[in-house]
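The values are calculated or read from the model by the stated rules, or taken from the named source; none is laboratory data. Bear in mind that the values here come from a model prediction, so they are computed numbers and not experimental data. Every residue, glycine among them, receives a Cβ derived from its backbone with ideal geometry; neighbour counts consider all protein chains shown.
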Amino acid sequence: MEKKSEQAEKPNNQPAPAIILVGAQLGENIGTVARAMLNFGLTDLRLVSPRPGWQMARAVKASAGAEALIENHRLFDTVAAATADLGFVAATTARQRDMVKPVLTPAKLASEMRARQTQTNPQSGILFGCERTGLDNDDISRADAICSVPLNPEFSSLNLAQAVLLMGYEWYQADDTTLDTRLDMQDARPATRGEINAMFDHMEAALDAAGFLAPPEKKPAMARNIRNIYNRAGLTEQDVQTLRGVINALLRWPRGAQDKLLKPRVAAISRGLADPERVEKKEHENDENPV
């Protein structure tokens, strides 16, 4: 017996809001609205008296994968009919209206619609006017509230798909649990403290050999500052390996120097097994007294 997914078993008791386009004029705009809707899981598209000949083929093409929403749209003659089954309706407008209604931001509207999902008639709807003139006062009078987007007062014009996208985003975000930030590690893993400490010991020995950690009385503070840089960097295992390779490459500079002189010195500093000056002195002694 095939096991159902948790998503399939979860009851659908939280319907998404209906998107109601009043007097839409262009098939392309209806298509881009459908695309914006599907980005946020909105699938109930209702058209109220769209312009005759709005061309479904153009809408399907503009929907970019949301064809099912276009093909399954519901058509109504009036706003009253389109909203008859809804428990809460908001009208979107950027203009001041001469009527007493609560005016909500998109974020507050999303919160209000989410809160109503536990009621007997849980589905909400959002009214959007036609591209040229928006909603008229008769349509707005049928809504429970007005939704107005805080925008640049010098230019507050949104196209139809932008308005639907903004409302859909706020509705989806109101119940989203995505972390504000995350680090995608891919195939890497965080470096262990031991790996970071070994890398820093390697670097400290190299900096000592280069004369960077001077004068001696300042060495402890300088080393702490450098260590803090790496400890707050969130290094991966690969980062540590790369940095140790960088240190060794710098120790081998300049290129073309005799390997027999460089390799023992690099190995000693890398492992922290010997004082670099003693290693270098021993190398010179070996050169002067070949076996």
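Looking only at helices (runs of 4 or more DSSP H) that lie completely in the range 115-231, which have at least 3 residues being modelled with pLDDT of 95 or more and surrounded by 17 or more Cβ atoms within 10 Å (Cβ to Cβ)?
By residue number, 160-173.
Taking the stated definitions as given, is ALA91 in contact with a Leu (Cβ under 6 Å, 6 or more places away or on another chain) and within 29 Å of GLY27 (Cβ to Cβ)? Walk me through how you get there before you give the answer.
Numbers: in contact with a Leu (Cβ under 6 Å, 6 or more places away or on another chain): yes; within 29 Å of GLY27 (Cβ to Cβ): yes.
Taking the combined requirement at face value, the residue satisfies it.
Yes or no: the range 121-132 includes at least one residue that is without any contact (Cβ under 8 Å) to a residue 40 or more places away in the chain and either in contact with a helix residue (DSSP H, G or I) (Cβ under 8 Å, 6 or more places away or on another chain) or of a type outside the set (Gly, Ala, Ser) (or both).
Yes, the conditions are met somewhere in the range 121-132.
Does the range 54-110 hold any residues that are assigned to a loop (DSSP other than H, G, I, E, B), crowded, with 17+ Cβ neighbours inside 10 Å, touching a Lys or Arg at 6+ places or on another chain (Cβ under 9 Å) and without any contact (Cβ under 8 Å) to a residue 60 or more places away in the chain, and which are they?
ALA66, HIS73, GLY87
Do we have GLU195 as among the acidic types (Asp, Glu) and in contact with a Leu (Cβ under 7 Å, 6 or more places away or on another chain) here?
When the stated conditions are applied, GLU195 does not pass them.
Looking at (1) out of contact with any helix residue (DSSP H, G or I) (no Cβ under 6 Å at 6 or more places or on another chain); (2) in the same structural domain as SER270 (by TED's automatic domain parsing); (3) of a type outside the set (S, T, N, Q); (4) surrounded by fewer than 16 Cβ atoms within 10 Å (Cβ to Cβ), can you tell me which one ARG252 breaks?
Unmet for ARG252, out of (1) out of contact with any helix residue (DSSP H, G or I) (no Cβ under 6 Å at 6 or more places or on another chain); (2) in the same structural domain as SER270 (by TED's automatic domain parsing); (3) of a type outside the set (S, T, N, Q); (4) surrounded by fewer than 16 Cβ atoms within 10 Å (Cβ to Cβ): (1).
Considering only the range 200-240, state which residues are of a type in the set (A, V, I, L, M) and under 33 Å from the mean Cα position of the chain (by Cα).
ILE226, ILE229, ALA233, LEU235, VAL240
Return the pair list, or none, for Cβ contacts closer than 8 Å from residues in the range 229-243 that are within 12 Å of THR192 (Cβ to Cβ) to residues that are β-branched (Val, Ile, Thr) and surrounded by 14 or more Cβ atoms within 10 Å (Cβ to Cβ), at least 6 apart or on different chains.
LEU235/ILE196; VAL240/ILE196
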